[in-house]
Amino acid sequence: VNGVNTLQVLSNQLTVTQHIALSSGKELRNGGTKVVGARDTGWTAMTGTTNKATSYDTATVTLAQLAGRVMALQAALTTHGLIGA
């Protein structure tokens, strides 16, 4: 692009220096395993307090603590672009 290499293909590596745009319905695969596909839409953001930093014992974690962790996961996946409204 404009005299700058944006794609380099080697025997064991693919280097891309620009965004990769996928056509609708397409997905990225690694060794035949789907890694990223179309965005899963319809998610509404949770309200409350996120918590991704605390370590919980699965035998004693509370529902509120678990909800905070789920909220943090949802926010991360939305920011990443995998899920969203």
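For segment 19-36, taking the residues that are open to solvent by less than 100 Å² (accessible area, probe 1.4 Å) and in a strand (DSSP E or B), the one that is farthest from GLY81 (Cα to Cα) is identified as THR33. Annotation: of all residues in segment 39-54 being open to solvent by 80 Å² or more (accessible area, probe 1.4 Å) and small (Gly, Ala, Ser), the one that is nearest to the chain's Cα centre (by Cα) is ALA45. Listed by first and then second residue, the pairs with beta-carbon distance under 7 Å, at least 6 apart or on different chains, first residue in segment 29-45 and closer than 22 Å to MET71 by Cα, second among the hydrophobic types (A, V, I, L, M, F, W, C) and not in a loop (DSSP other than H, G, I, E, B), are VAL36/LEU28; ARG39/ILE83; ASP40/ILE83; TRP43/ILE83.
Can you tell me which residue in segment 59-85 is surrounded by the fewest Cβ atoms within 10 Å (Cβ to Cβ), limited to those that are among the small types (Gly, Ala, Ser) and free of Cβ contacts under 8 Å to residues at least 40 places away in the same chain?
For segment 59-85, the residue satisfying everything is ALA59.
Scanning segment 7-42 for residues that are more than 25 Å from ALA76 (Cβ to Cβ) and among the hydrophobic types (A, V, I, L, M, F, W, C) turns up LEU7, VAL9, LEU10, LEU14.
The values are calculated or read from the model by the stated rules, or taken from the named source; none is laboratory data. Please read these numbers as outputs of a predicted model, since none were measured by experiment. Methodologically, a virtual Cβ is constructed for each residue, glycine included, from the backbone with ideal geometry; neighbour enumeration extends over all protein chains shown. Areas reflect the complete protein model, heavy atoms only, side chains present, ligands, DNA and RNA absent. Shrake-Rupley method; radii C 1.70, N 1.55, O 1.52, S 1.80 Å.
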